[in-house]
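**Student:** Pasting in a structure now, in structure tokens, and then I'll have a few things to ask.
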Amino acid sequence: MSFSYWSHLDPVLVLGQSLELVLDIADAVVALQTFSGPELTTTLAQIESAIEGRTSHDCAPLLAQHNVRHDALDAAGLVKRMAGQIDVVIHALGILLCLPDLLQADEVIESLSLGAAPAVLERGRLRHAAAGHAH
């Protein structure tokens, strides 16, 4: 998959899906691993050593040899955006997974704000209608 095609777009709806859904994170990780190799520091040192003395004419083939590609840069941007929100994901999932244990049998969630720090959970008691149905 070529990330360059999508990189100019903001994360807005693309064919009904957000950009993050269109670009598969697994493909992004593969692109990064292809560039990084088994050890990023070693890969960068090899590139630094190999690039010394190169001209613009012979620089491009060397970069291609070391998997220096635009899609890897685009992939890094995608992963960074997603990783930048990981705290919010952990926070939200932790709260949501705790909800069954937080609520008493006769409590109902009146409102929940997951984006706030700290999260806000408003609870209330179940009210039984005349016919015996809770709402």
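The values are calculated or read from the model by the stated rules, or taken from the named source; none is laboratory data. Only a predicted model underlies this, so the values are computations on that prediction, with no experimental measurement involved. When we count neighbours, we look across all protein chains shown, and the Cβ atoms used for this are built from the backbone with ideal geometry, even at glycine.
**Student:** Considering only residues that are more than 18 Å from residue 30 (Cα to Cα) and outside any helix (DSSP H, G or I), which ones fall in the range 40-83?
**Tutor:** Those that are more than 18 Å from residue 30 (Cα to Cα) and outside any helix (DSSP H, G or I): 52, 53, 54, 55.
**Student:** Specify which of the listed residues (92, 64, 50) is among the small types (Gly, Ala, Ser) and loosely packed, with under 12 Cβ neighbours inside 10 Å.
**Tutor:** None of the others qualify; the one that does is 64.
**Student:** Which is surrounded by 13 or more Cβ atoms within 10 Å (Cβ to Cβ), polar (S, T, N, Q) and more than 24 Å from the chain's Cα centre (by Cα), of 43, 55, 34?
**Tutor:** Answer to the check: 43.
**Student:** To continue, here is another question. How many residues are at pLDDT below 75 and either over 30 Å from residue 32 (Cβ atoms) or in the same structural domain as residue 29 (by TED's automatic domain parsing) (or both) when one looks only at the range 80-118?
**Tutor:** Selection size over the range 80-118: 2.
**Student:** What pairs come out if I take residues in the range 13-37 that are at positive phi and pair them with residues that are at pLDDT below 90 whose C-beta lies under 8 Å away, six or more apart or interchain?
**Tutor:** Between residues of the range 13-37 that are at positive phi and residues that are at pLDDT below 90, the close pairs are 15/22.
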